[in-house]
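See below for the structure under consideration.
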Amino acid sequence: MTARVIAIAHKEAREFLRDPIYLGLAFIAPVVLMVLFGYGLTMDVKHLPIVFLDHDRTTYSRDYMDSFLHSEYFSPLGIAPDRKAADKLLRSGRARLVIDIPPDFSRLISKQKPVQLGVTVDGSFPSRAQVMVGYVNGINRLYNSRLLSNYLAKSVRSGSTPAMPVSVNFSVWYNPSLESKNFIVPGMQVIVLMLFPAILGALLIVRERETGTIFNLIASPAKRWEILAGKAIPYITVAFLDYLITFAMSIFLFKVRFIGSFLFLSCAALLYSTCTIGIGLVFSVIARTQLVAMLITFLATITPAFNYSGFLAPVASQDQVGQFVAHLIPATYFMDMVRGTYLKGLGFAFYWQDLVALALYAIVIYTIALTLFRKRID
Amino acid sequence: MWGRLGAMLRKEFNQLLHDYWILFILVYAFTGAIYVAGHSISMEIKNYPIAVLDLSQSRESRDLVALLQPPYFKLVAYARSDAALVKLLDGGKASLGLVIPPDFSRQVRENRGKCQVISDGTLSMSATIAMAHVAQITAKYGIKMLEQQGQLTRTMITQIPRVDTRIRVAYNPNITSSWFTSLLELMNIITMISMLLSASAMVREKVYGTIEQLHVSPLRPAELFAAKIIPTTVVILMLSILSLFWVVKGIFNVPLYGNLVLFFSVTAIYILSIASLGMAIAVIAKNIAQVAMMLLLIMYPMLFLSGAFTPPESMATWMRWASLLSPMRYYMDFGFQVLYKGNGLMDVWYDVVGILVIGSFLFAFSVWRFGRSIR
């Protein structure tokens, strides 16, 4: 019985090894993806082109504008002559935000009165718009607190305590330097180990069906589960090797902070790869042609993995549809474990429930594949 | 020529349209998948989970906690001890911990209130935004306290010199992320499916051995090439129209200001270019498995360099240059400018030229490689 599993696994492995292009791509493509996203993906929105409309033209307004230029968040495009010119820059995408300083800016400030300032932000990329709104508010708040402390120093009765009643002391844990590579690179590992194994698994059965070699397996004494196991095992190995390669890259190439247990992470990765190969296997059993299998797999893995696994934004911030999808894919569970291991140093003791969840996931997915897989000619 | 091409086109259309599985999946890709993707958020902070360790249990501390409200924050738990707070943060149940010291109430009255915020920096971007929100909220709280203590009177507050920003977000007033994600997903799907369908239409002939029949037929390489990419283009264009009106506009209520004729004409050119790229893959690949891997290898860099993740102005220099090679970069910029901002050809000619140049190159390259491989 196990001899048959080994025989099928052996055959599958040889087939894989004899297609050097496929073999090479299965290892090269994940590496390319890691390099690209690891080096290139910066979530820091910087150098946003900003345009000013200065109707005041005093030292006050220049001072205000300067407060925007001292940061690397904005890079000035200059002062627009009129509203129309500014709008045109915004519309063409050459400017991302316009700050409109009203004519009575300096007059109101020197009279200790609130000033209304118009800011227009390009909203075509919502996340970028959100960040820009945050930056503008932040810089404006700094400017205001400067005004306020001047004012309080002058006019509050207990003149000796001009301070604000509450101050906040921020401390950042787990990723103290707030470097985005510390969450992007491990996150990419999760994504890569979802996309590639799923597609590897998706072609396993349907390829034989399409070329007709499935008859050899149907006619053989091997049981259904032996066929599935024999086919999955070599590819789980490939996926695990992909994990080792990407892990080595994140430690040695990207120098990501890693304080957890390698053994724990490897166990989790092995279970996770088993799940992702299994997802592909289910599609492979359902589909009649490789094209269909590939289409289903791409649709079912790419968007959920990138958007819902918690790769870039916390799962808690998703709406109900999003949370539902998030809990359907193994990537969400593995993402937690990967980040917890890398950055928080947590291990078996903390995540044993998630490990059990992944194991259950694997059992369910392989049961589905087994139920749908028929040794029959249709 | 038209007779041969016509016959071949009919065969290709038949093959594509008579496979109900494929049709079903294609329709899902252009409707359901976009619906699902439209629900994802990109980066903004919503219901950011926060836990509070309130050692003061005073009116002042409760007032402060009460300000940490949705939509930005969601109070998930009151921790009873340091250890409990650490556990919440470790487990990711809370991403922000607020610690209020025992004598907070007295401190605030003496204008030296200090509280501590512990932020889970794992998702550094979200953490930065969340901390900015906290700073803003505590500043607001501070003013309120000064007012309550009578150090500031109402009239003084209205007289505090300050600059109020009235922020107007153009093109997407409420920063609705589905407006962006649904359209982005449509563009992703167009790219992925165009490449996949044309590549597999060609490789399938290799796998089944029917390529031999095509070799000995009187079809010229150019005709065969056209017969393989035209059905893909037509079907995907139709589905894009369906998707844009039914899902993007119909379900997510994205206002489409632009010139739709311009949008769909350029979309047709874009699909043709990407389908040509698919054919180039098909020339090299020997089986569908190789197609799948090459597709992933080409598609992700293209998507990645398109500016959907990192805006071009924030990219590193090497990346900004590399992004010029990604046809998706032009197409995305084009699509958002035309549909959201209502820009015309005068504003987006740069993108159209980009798509045309890259498209012609891909087209010429794959026709050339294709012609060689047929002989």
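Trypsin sites (Lys or Arg not before Pro), restricted to segment B:58-88: which are DSSP loop and have at most 14 other Cβ atoms within 10 Å? Present the calculation step by step, with values, prior to reporting the outcome.
Numbers: sites: B:ARG59, B:ARG62, B:LYS74, B:ARG80, B:LYS87; in loops: B:ARG80.
Of the trypsin sites (Lys or Arg not before Pro), the ones in loops of segment B:58-88 whose Cβ has at most 14 other Cβ atoms within 10 Å are B:ARG80.
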**OP:** Count the DSSP beta bridges whose two residues both fall in the protein assembly as shown, then state the antiparallel fraction as a percent rounded to the nearest 5.
**Re:** 20
Original post:
If the limit is 28 Å between Cα atoms, which of A:LYS113/B:LYS144; A:LYS11/B:LYS206; A:LYS84/B:LYS144; A:LYS46/A:LYS111; A:LYS11/B:LYS286; B:LYS74/B:LYS144 go over it?
Top reply: A:LYS84/B:LYS144; A:LYS46/A:LYS111
Original post:
Between A:ARG18 and A:ALA248, 0.36 nm times their residue separation minus their Cα-Cα distance comes to what?
Top reply: 80.2 nm
**OP:** Output the relative contact order of chain B, whole-number percent, from Cα pairs under 8 angstrom with separation of 6+ residues.
**Re:** 18
Original post:
For chain A, what does -39500 (n - 2.57) per DSSP helix run (n ≥ 4), summed and divided by total residues, give at 222 nm, in deg cm²/dmol to the nearest 500?
Top reply: -21000 deg cm²/dmol
Subject >> Kirkwood hydrodynamic radius of segment B:318-375, from inverse mean 1/r over distinct Cα pairs, in Å >> reply: 12.8
**OP:** Apply 1/(1 + (r/R0)^6) to the Cβ-Cβ distance of A:TRP352 and B:LEU17, taking R0 = 60 Å, and write down the FRET efficiency to the nearest 0.05.
**Re:** 0.70
Original post:
How much length, in nm to one decimal, is gained on full extension between A:ILE28 and A:SER110, taken as 0.36 nm per residue of separation minus their Cα-Cα distance?
Top reply: 23.1 nm
**OP:** Please find, in a Gaussian network model of chain A (springs between Cα atoms separated by less than 10 Å), the residue of A:ALA316, A:ALA357, A:ALA293 whose mean-square fluctuation is greatest.
**Re:** A:ALA316
Original post:
Using r as the Cβ-Cβ distance of A:VAL321 and A:ILE218, and R0 as 60 Å, what FRET efficiency do you calculate, to the nearest 0.05?
Top reply: 0.90
Subject >> A:THR59-B:GLN136 FRET efficiency (beta carbon distance; Förster radius 30 Å; 0.05 resolution) >> reply: 0.65
Subject >> Angstrom value of the Kirkwood radius, inverse mean 1/r, which spans all Cα pairs in chain A >> reply: 24.8
Original post:
How many angstrom lie between the C-alpha centres of segment A:238-297 and segment B:291-364?
Top reply: 29
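Output the pairs from A:LYS154/B:LYS140; A:LYS181/A:LYS344; A:LYS344/B:LYS114 with a Cα-Cα distance over 23 Å in this structure; if there are none, say none.
A:LYS344/B:LYS114
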Original post:
Between B:TRP2 and B:LEU356, what is the spin-label point distance in nm, taking each point 7 Å from the Cα along the Cα→C-beta axis?
Top reply: 2.7
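Sequence gap at least 6, Cα distance under 8 Å: using those rules, report the relative contact order of chain A to the nearest whole percent.
Over chain A, the number comes to 19 percent.
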**OP:** Equivalent ellipsoid semi-axes for segment B:146-292, as square roots of 5 times the alpha carbon gyration tensor eigenvalues: give them largest first, rounded to whole Å.
**Re:** 56, 17, 11
Original post:
Using Cα-only point scatterers and the Debye equation, what is log10 of I(q)/I(0) for the protein assembly as shown at each q in 0.09 Å⁻¹, rounded to two decimals?
Top reply: -0.89
Subject >> Angle between chain B longest axis and helix B:2-17 axis [Cα atoms, degrees, rounded to 10] >> reply: 40
Original post:
Could you state the number of Å between the C-alpha centres of segment A:309-378 and segment A:1-60?
Top reply: 20
**OP:** Excluding residues fewer than 8 places away in the same chain, name every one of the aspartates and glutamates whose C-alpha is closer than 12 Å to that of B:LYS341.
**Re:** A:ASP87, A:ASP122, B:ASP333
**OP:** Just flag the trypsin sites (Lys or Arg not before Pro) in segment A:72-156 sitting in loop per DSSP whose Cβ has no more than 16 other Cβ atoms within 10 Å.
**Re:** A:ARG94, A:LYS111
Original post:
Nearest-5 percent of antiparallel DSSP beta bridges in chain B?
Top reply: 30
Original post:
For segment A:20-118, what is the relative contact order in percent, using Cα pairs closer than 8 Å and at least 6 residues apart in sequence?
Top reply: 32
**OP:** Rounded to the nearest 10 degrees, what's the angle between the helix B:260-284 long axis and the longest principal axis of chain B, both from Cα atoms, 0 to 90?
**Re:** 70
Subject >> Distance in nm between pseudo-label sites at B:ARG112 and A:TYR39 (7 Å out along the Cβ direction from Cα) >> reply: 5.3
**OP:** Check every DSSP H run in chain A and write down those whose alpha carbon atoms cover 30 angstrom or more along the long axis and whose mean Kyte-Doolittle hydropathy is 0.0 or greater.
**Re:** A:181-202, A:224-248, A:262-286, A:348-372
**OP:** Quote to one decimal, in nm, the extra length available between B:ASN253 and B:ALA66 on full extension: 0.36 nm per residue of separation minus the C-alpha distance between them.
**Re:** 63.9 nm
Subject >> Helix B:221-243 vs. chain B, principal-axis angle (Cα, 0 to 90°, nearest 10) >> reply: 30
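Values quoted throughout were computed directly from the atomic coordinates according to the rules given, and no laboratory measurement underlies them. All figures in this text were calculated on a predicted structure; none of them were measured in a lab. We place every Cβ from the backbone using ideal geometry, glycine too, and count neighbours over all the protein chains shown.
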